[in-house]
Amino acid sequence: MSAVPSLVMNNGLQIPQVGFGVFLVAPDETKQAVAEALKAGYRLIDTAQGYRNEEGVGAAIAESDVSRDDLFITTKLTNSEHGYDTTLAAFDGSMKKLRLDVLDLFLIHWPLPMFDQYVETWRAFERLLADGRVRSIGVSNFEVAHLERLLAETDVTPAVNQIELHPEFPQEELRAFHNEHGILTESWGPLGQGKGLLENSRIVELAQRKDRTPAQVVLRWHVQLGCVVIPKSVHPDRMRENIDLFDFELDDADMAEIAGVRTGQRLGDDPNVFANR
Ligand code: NAD
C-alpha cells in the first residue's frame with residue numbers, strides 16, 4: 001500500500017490527496033464499502049446529505065480501528081436546506097448520522113444561483129467554523145461568479161471547491177481562479193463516471209505503455225494537476241488500484257496525451273441552471 005500524501009489548505013490544515021467517494025453507494029452497502037476503503041488505505045471519505053448514506057459512513061468509522069485523528073470526513077449540505085437556520089439544523093442532522101463531534105470539511109453541495117441563498121448559507125458555514133463544529137468549510141459546483149460573490153460579501157475564503165473535473169472536462173478557467181485565490185480544487189467524477197473515458201484509446205494505450213491501468217493514469221493526471229481526487233468503486237481490488245498512484249509519474253508528453261481527450265463537455269449538471277431541490 002503506498003502512502004497518500006496530503007495537501008495543505010488555505011487555513012493551514014491538511015487534506016489527503018486521494019479520498020473515497022460514496023455517491024450512488026446504496027445505504028445498506030455503505031458501511032461495508034467504507035470499511036473496505038479504510039482497509040485499502042483511504043483516510044478521506046466523501047459523502048453528502050443527498051446521498052442518504054451518512055449513517056453507513058458513521059457506522060464504518062465507529063467500528064474501524066483507524067483513529068479519528070487520522071480520518072478526514074467530508075459531507076455536503078443538501079439543496080433543500082439552503083438558508084441560515086436550516087443549514088445549522090441540517091448540519092446537526094449529519095453529525096448525528098455520522099456519529100461525529102467535529103467534522104473535517106462541510107461543503108455547500110450546489111450554489112443554486114436562481115434561489116439566491118448561497119451567501120446566507122455561507123454565513124451559517126462561517127458560524128459553524130467559528131463555533132469549532134467543523135474544521136474547514138468549502139463549496140462544490142461553484143462557478144467563478146459564485147466564488148467572486150462569496151469573496152466580496154463574506155469573511156472566509158472557501159478552503160475547497162469540489163467540481164466536475166476529468167480529462168474530457170478539465171476546467172482550466174476555474175482551476176486558474178482557484179490557484180489565484182488559494183482555493184483547493186477537488187475533482188468529482190474523476191474517472192469520467194464509467195461513461196467511456198477509461199476505454200478511450202489514447203488513455204488505454206498510454207496505460208499500456210506505463211504498465212498501469214487506465215484508471216491509474218487518469219487519477220495520476222489529477223494528482224499531478226495538484227487536485228484532491230475522490231474516485232468511487234465498491235470493488236476492493238479497484239479501491240486498491242485507485243489509491244496506488246504514488247510510485248510512478250507522468251512526464252509532460254504523458255500529461256499532454258491525456259489532455260488530448262478533452263471534449264469540453266460536462267457529464268453532469270451545469271451549476272448555473274441546476275435547480276433541483
Ligand atoms: P467516478 O469518476 O469516480 O466514477 C465511478 C465509476 O467508475 C464506478 O462506478 C465504476 O463504474 C468506475 N470505476 C471506478 N474505479 C474503476 C477502475 N479502477 N477501473 C475501471 N472502472 C472503474 O464518478 P463519481 O462516483 O461520480 O465521482 C466520485 C465521487 O465524487 C463520488 O462518489 C462523490 O463522492 C463525488 N461526487 C460529487 C458530486 C458533487 O456534486 N459534488 C457529484 C458527483 C460525484
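Where a number appears in this text, it was derived from the coordinates with a stated rule and is not lab data. Just so it is clear, the model here is predicted, and its values are computed rather than measured. Here the Cβ is made from the backbone with ideal geometry for all residues, glycine too, and neighbour counts use every protein chain on show.
Of Lys31/Lys96; Lys76/Lys195; Lys76/Lys97; Lys39/Lys210; Lys31/Lys195, which pairs sit farther than 21 Å apart, going by alpha carbon to alpha carbon? Listed pairs above 21 Å: Lys76/Lys195; Lys39/Lys210; Lys31/Lys195. Shape of segment 1-75 from its Cα gyration tensor (a ≥ b ≥ c, root eigenvalues): rounded if a/c is under 1.5, otherwise prolate when a/b > b/c, or oblate? Cα axes put segment 1-75 in the prolate bin. Beta bridges per DSSP, both residues in the chain: antiparallel share near 15 percent.
Taking other C-beta atoms within 10 Å as the exposure proxy, Ile108, Ile61 rank Ile61, Ile108 from fewest upward.
When Arg238, Arg68 are sorted by how many other C-beta atoms sit within 10 angstrom of their C-beta, beginning with the fewest, the order is Arg68, Arg238.
Only Cα sites of segment 1-134 enter the Debye sum here, all with the same form factor; the resulting log10 I(q)/I(0) across q = 0.16 1/Å is -0.82, listed in q order. Averaging over all projection directions, the Cα-based convex hull of segment 200-277 occupies 6.9 nm² in the image plane. The alpha carbon radius of gyration of segment 91-187, expressed as a multiple of 2.2 N^0.38 Å, is 1.09. The per residue volume of the convex hull around the alpha-carbon atoms of the chain is 119 Å³. Considering all C-alpha pairs of segment 142-220, those separated by over 21 Å amount to 40%. Here the Debye sum runs over all C-alpha atoms of segment 136-186 as equal scatterers in vacuum, and log10 of I(q)/I(0) at q = 0.18 Å⁻¹ comes out as -0.50. The residues Tyr84, Tyr51, when put in order of fewest to most other Cβ atoms within 10 Å, stand as Tyr84, Tyr51.
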